[in-house]
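Working notes for the structure below.
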Amino acid sequence: MGKMNRNKQIKVTEEFVRTKIEDYDSGHDWFHIERVRKLARYINEQEKIADPFVLEIAALLHDIMDSKFMKRTPEQENKMVGEFMDKNELTEIKDQVISVIRNVSYSNKKPDGNLSDPVLLIIQDADKLDAMGAIGIARAFNYGGFRNNPIYIPGNQRAIKNQSTIGHFYDKLLRLKDMMNTSTGRLIAEERHQFLALFLEKFYREWDFED
Ligand code: ADP
Ligand code: NI
């Protein structure tokens, strides 16, 4: 082991992530990272399946290579994260962490590597949980506004052309609870899902207002 202790390595990773994501949309801001990190920590405290230090570093870095925001090619991004990790004596966990962050995205169409790594399973759950419940609703309408999408288009919400934020609930948010990896994740997802359902019920009642 080198000169850096783990607290210091966590601190420099926080700094690295903060500067890297400054120009992302506000749905992928530092506070999203903090929430995912807390959820991941909590899930692992219950399940005790992952190395807490690797989990912490991977949670911090989990959005850094999101294809929607990358300014460079995946190879260049890989290299950049790898160099950061080498420089900060994280070489031992580099391959594992890079594999996790490459596989974590919901929209990743070509997963590879160790797909049953507990670190990956937990971060996937934490990331999905942050797209559910009250926070998930706030993030969805924020993203929809950023894209200039309508909040709702009456009709079939599953229709391919329904680019509304309520449509996104059916495309993604309502499906998340059945995609959890851990039982702790499933438990939290259950509650957050119920809140999504309640929100939709209220939304439609207000939309169709009849006195
Ligand atoms: P991931 O990084 O897990 O692939 P996204 O980047 O697709 O997730 O989504 C980030 C946030 O933006 C989530 O809260 C998600 O629900 C929301 N979002 C993504 N696409 C849409 C959309 N078309 N309408 C509303 N919200 C969206
Ligand atoms: Ni994320």
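Summary of computed values
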quantity: Long-range neighbours under 8 Å by Cβ, at least six apart or interchain, first residue within 18 Å of residue 164 (Cα to Cα) and away from ligand 2 (no atom under 13 Å from the Cβ) within region 122-142, second open to solvent by less than 10 Å² (accessible area, probe 1.4 Å) and β-branched (Val, Ile, Thr); calculated: 140/165; 141/165
quantity: Per-region count, region 86-114, residues assigned to a loop (DSSP other than H, G, I, E, B), away from ligand 1 (no atom under 14 Å from the Cβ) and not polar (S, T, N, Q); calculated: 4
quantity: Matching residues, region 116-156, being touching a His at 6+ places or on another chain (Cβ under 9 Å) and open to solvent by less than 20 Å² (accessible area, probe 1.4 Å); calculated: 123, 126, 130, 132, 133, 140, 144
quantity: Within region 160-178, considering residues that are assigned to a loop (DSSP other than H, G, I, E, B) and either surrounded by 12 or more Cβ atoms within 10 Å (Cβ to Cβ) or at pLDDT 95 or above (or both), the one farthest from ligand 2 (Cβ to nearest atom); calculated: 162
quantity: Filter result (buried (at least 16 other Cβ atoms within 10 Å of the Cβ) and in a loop (DSSP other than H, G, I, E, B)) within region 50-85; calculated: 50, 62, 63, 64, 65, 66
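Residue-by-condition table, conditions (1) at pLDDT below 95; (2) not assigned by TED's automatic domain parsing to the domain that holds residue 14:
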site: 68; (1), (2): yes, no
site: 72; (1), (2): yes, no
site: 84; (1), (2): no, no
site: 104; (1), (2): yes, no
site: 123; (1), (2): no, yes
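The values are calculated or read from the model by the stated rules, or taken from the named source; none is laboratory data. Quantities reported herein were computed from a predicted structural model and do not represent experimental measurements. Reconstructed Cβ throughout: ideal geometry from the backbone, glycine too, with neighbour counts over all protein chains shown. The accessibility values were calculated without ligands, DNA or RNA, using every heavy atom of the protein model including side chains. Shrake-Rupley method; radii C 1.70, N 1.55, O 1.52, S 1.80 Å.
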